[in-house]
């Protein structure tokens with residue numbers, strides 16, 4: 001095998017071409033090894049609580065939690081720094097640009113108008129494009145309770161939390177504690193695995209009076225007291241020592257001096273543009289016929305704000321690709337607001353104004369949010385460096401998985417379980433599947449890719465599916481893209497798609513029509529292939545017309561670390577171009593392709609889906625060992641089933657014999673590998689059935705690597721599972737080649753392109 005870092009980068013790149021909703025940029029703190037059997041995960045958000053509000057005498061309960069557990073110096077909110085976008089980020093792990101809540105006020109061509117005050121709009125699932133943690137938890141059989149968290153009123157595929165409450169500011173904090181206490185099991189019910197609580201009072205006081213006003217500090221004390229009351233209820237229910245508690249905020253709050261507001265009509269008249277959003281992040285849509293003058297007037301720096309075309313929003317903000325983001329976005333300077341003229345006039349007349357606001361630059365100290373965690377999963381007295389709020393979600397998901405079997409067991413032991421679990425091992429397996437649905441499988445791969453960013457060449461650099469995937473790769477910082485194509489075409493399509501990336505800054509272009517390295521490239525190719533019948537003229541023609549060949553030469557020459565191709569054209573033709581330039585891994589006799597599917601049941605890999613029509617036992621064994629190595633790079637312990645129409649010798653034909661022989665060869669080389677066969681597909685799926693048929697089986701649990709006897713079976717099986725379950729594909733992952741090269745298929749989406757690219761990048 002080639003060295004491990006090369007392979008790892010290759011796997012991450014593969015992932016970039018499969019999941020546009022990529023995982024976070026920075027690392028959230030992983031929970032250390034836990035101790036006592038935990039019960040519930042309590043997540044509390046205090047809207048508008050600044051990171052520097054702790055330790056000033058107003059937060060005794062929060063300070064105790066922080067001292068006894070983990071706190072961050074601060075947490076960086078996502079852009080725009082507003083309530084709904086950031087609360088939905090916390091429970092989806094997605095940036096607003098990916099989960100669709102791009103502002104507290106927004107328009108959608110199909111759905112109409114969304115504003116925070118419109119409770120009817122909040123109940124429409126189409127607005128909420130991410131899947132919140134409580135939905136995934138309920139699907140996994142984990143009971144949840146959610147108090148007023150943004151997004152809770154919109155069902156996802158008919159799934160709602162077991163207990164939930166829509167936002168109602170009229171319910172006193174004390175009454176909320178009583179209602180939530182009922183969810184905790186004090187009334188004889190099994191406590192929820194996840195309890196999420198939203199508190200709005202600090203934000204309201206901060207807007208009305210300013211972040212440091214006595215009224216705001218009083219609101220902070222009230223919120224702190226409610227957290228204390230919830231902890232007391234946990235204590236009364238005997239759950240306190242076994243509950244992990246996380247307290248976060250969505251953003252901070254900045255001081256707004258008197259008179260620091262502008263009329264949006266002075267930015268653009270209503271005749272010229274529609275104002276989609278106001279406040280600190282102003283969104284405008286030029287009206288037909290006024291595009292040029294509105295753009296010319298607004299885009300650029302102004303006295304108290306900065307405006308950008310949607311495609312030119314700074315990359316660090318990771319904002320602007322979603323269709324709901326208006327064509328022009330204006331960011332107000334800290335302490336300034338843009339409001340309708342009628343509101344400005346009314347405030348001038350009354351002498352009143354908001355004394356606090358958020359929605360400013362997420363890197364501003366005033367916007368810093370809170371992160372505190374305490375409980376059996378956390379060490380004591382740890383202070384973490386700052387991290388992004390997208391990192392909270394993977395931590396929450398991991399905690400739920402680790403806690404929930406303990407919850408179930410405790411409920412059964414106490415006799416309060418509503419539906420006792422007969423097979424705890426199967427239940428833990430189900431929880432493990434939940435991990436895969438939360439994208440946690442990919443996080444180690446993403447992290448490794450970011451730690452050592454690789455140059456990834458995209459052969460079809462002009463294609464829309466590739467350009468969209470590349471924008472996500474850039475946003476998530478997992479690779480440096482090199483697009484092969486015509487610069488003018490690439491630039492035109494970037495503009496048409498509303499993407500933000502800039503050539504020469506975010507990515508490079510290899511001009512297939514006029515690259516200064518052309519002579520070097522065709523000569524390199526000709527030197528390799530001249531004894532295979534390739535003439536000088538043929539080498540020149542191919543190097544001008546075959547982007548896959550150009551990319552392969554770039555990788556061979558060390559000008560790119562990895563290559564992605566295959567969005568256009570035939571798989572085997574692309575493979576031929578690659579193989580003409582790049583050799584096999586040392587000791588490997590042939591190439592093979594493994595394809596993964598992530599769905600609601602878990603993650604499954606299929607072999608060989610694209611390369612070998614009817615492999616020999618030796619080729620199957622070789623490919624299986626390569627595939628098992630790559631599963632371990634994903635952090636997955638391979639459980640391998642060699643599939644057939646035969647169960648452990650029930651048929652004696654050549655196909656079944658081939659799979660039996662493949663197993664013998666594999667076990668001979670790697671005796672400790674968890675593998676068995678030959679077996680039928682249902683036997684690989686059902687451990688109980690497998691034990692009845694063959695009690696001495698060397699495979700436990702449900703197989704996750706399904707090795708087929710031929711290409712037809714593998715490709716049909718993979719596609720059936722993908723389509724029938726609505727799964728996300730990863731790959732194909734090309735194996736056996738000595739450099740990180742992966743060939744997609746013409747059906748690849750941007751989601752697959754993103755996932756595949758991230759997998760490639762981690763292994764390059």
field: Among residues of region 466-489, those that are modelled with pLDDT of 90 or more and outside any strand (DSSP E or B), counted
entry: 4
query: When only residues in region 302-323 that are over 23 Å from residue 477 (Cβ atoms) and in contact with a helix residue (DSSP H, G or I) (Cβ under 9 Å, 6 or more places away or on another chain) count, which is surrounded by the fewest Cβ atoms within 10 Å (Cβ to Cβ)?
result: 302
- prompt: From the set of residues in region 272-301 that are in contact (Cβ under 8 Å) with a residue 24 or more places away in the chain and assigned to a loop (DSSP other than H, G, I, E, B), which is surrounded by the fewest Cβ atoms within 10 Å (Cβ to Cβ)?
  reply: 299
- line: Screening 528, 490, 474 for residues that are in contact (Cβ under 8 Å) with a residue 24 or more places away in the chain, more than 23 Å from the chain's Cα centre (by Cα) and either over 23 Å from residue 562 (Cβ atoms) or surrounded by 19 or more Cβ atoms within 10 Å (Cβ to Cβ) (or both) leaves only 490
Checking residue 605 against (1) within 25 Å of residue 527 (Cβ to Cβ); (2) crowded, with 19+ Cβ neighbours inside 10 Å, the condition it does not meet: (1)
- prompt: Taking residue 175, is it over 25 Å from the mean Cα position of the chain (by Cα) and surrounded by 15 or more Cβ atoms within 10 Å (Cβ to Cβ)?
  reply: no
message: Going through 276, 256, 299, 282 one at a time, which residue ends up being over 33 Å from the mean Cα position of the chain (by Cα), at pLDDT 95 or above and over 30 Å from residue 191 (Cα atoms)?
response: 256
- prompt: Does residue 78 qualify as being at pLDDT 50 or above and assigned to a strand (DSSP E or B)?
  reply: no
query: Given the residues 560, 623, which is the only one that is modelled with pLDDT of 90 or more and assigned by TED's automatic domain parsing to the domain that holds residue 709?
result: 623
task: Could you please tell me which pairs satisfy a Cβ distance under 6 Å, a separation of 6+ or placement on different chains, a first residue in region 503-525 that is surrounded by fewer than 17 Cβ atoms within 10 Å (Cβ to Cβ), and a second residue that is assigned to a loop (DSSP other than H, G, I, E, B)?
output: 513/486
- request: Kindly indicate which of 72, 117, 121 is modelled with pLDDT under 95, touching a strand residue (DSSP E or B) at 6+ places or on another chain (Cβ under 8 Å) and surrounded by fewer than 22 Cβ atoms within 10 Å (Cβ to Cβ).
  value: 121
- prompt: So, in region 608-620, of the ones that are surrounded by fewer than 23 Cβ atoms within 10 Å (Cβ to Cβ) and within 14 Å of residue 659 (Cα to Cα), which residue ends up nearest to the chain's Cα centre (by Cα)?
  reply: 619
field: Scope region 142-171; condition closer than 17 Å to residue 184 by Cα and surrounded by fewer than 23 Cβ atoms within 10 Å (Cβ to Cβ); matching residues
entry: 148, 162, 163, 164, 165
Filter result for the condition that a residue is in a loop (DSSP other than H, G, I, E, B) and under 30 Å from residue 538 (Cα atoms), over 580, 590, 646: 590
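Hey, which of the strands (runs of 3 or more DSSP E) in region 180-263, taking only ones fully inside, have at least 3 residues that are farther than 26 Å from residue 89 by Cβ?
Qualifying strands (runs of 3 or more DSSP E): 261-263.
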- request: May I ask you to list the residues in region 86-112 that are buried (at least 23 other Cβ atoms within 10 Å of the Cβ), at pLDDT 95 or above and in a loop (DSSP other than H, G, I, E, B)?
  value: 101, 102, 103
field: Odd one out for residue 576, checked against (1) in the same structural domain as residue 553 (by TED's automatic domain parsing); (2) out of contact with any strand residue (DSSP E or B) (no Cβ under 8 Å at 6 or more places or on another chain); (3) at pLDDT below 90
entry: (3)
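Within region 596-618, does at least one residue satisfy the condition of being assigned to a helix (DSSP H, G or I) and out of contact with any helix residue (DSSP H, G or I) (no Cβ under 8 Å at 6 or more places or on another chain)?
For region 596-618, residues assigned to a helix (DSSP H, G or I) and out of contact with any helix residue (DSSP H, G or I) (no Cβ under 8 Å at 6 or more places or on another chain): absent.
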task: Please find, within region 738-754, the residue that is farthest from residue 586 (Cα to Cα) out of those that are outside any loop (DSSP other than H, G, I, E, B) and either out of contact with any helix residue (DSSP H, G or I) (no Cβ under 7 Å at 6 or more places or on another chain) or modelled with pLDDT of 90 or more (or both).
output: 751
task: For residue 661, state whether it is in contact with a helix residue (DSSP H, G or I) (Cβ under 7 Å, 6 or more places away or on another chain), under 29 Å from residue 575 (Cα atoms) and either surrounded by fewer than 21 Cβ atoms within 10 Å (Cβ to Cβ) or not assigned by TED's automatic domain parsing to the domain that holds residue 613 (or both).
output: yes
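The values are calculated or read from the model by the stated rules, or taken from the named source; none is laboratory data. Keep in mind that this is a model prediction, so the values were computed, not measured. Every residue, glycine as well, gets a Cβ built from its backbone with ideal geometry; the counts of neighbours run over all protein chains shown.
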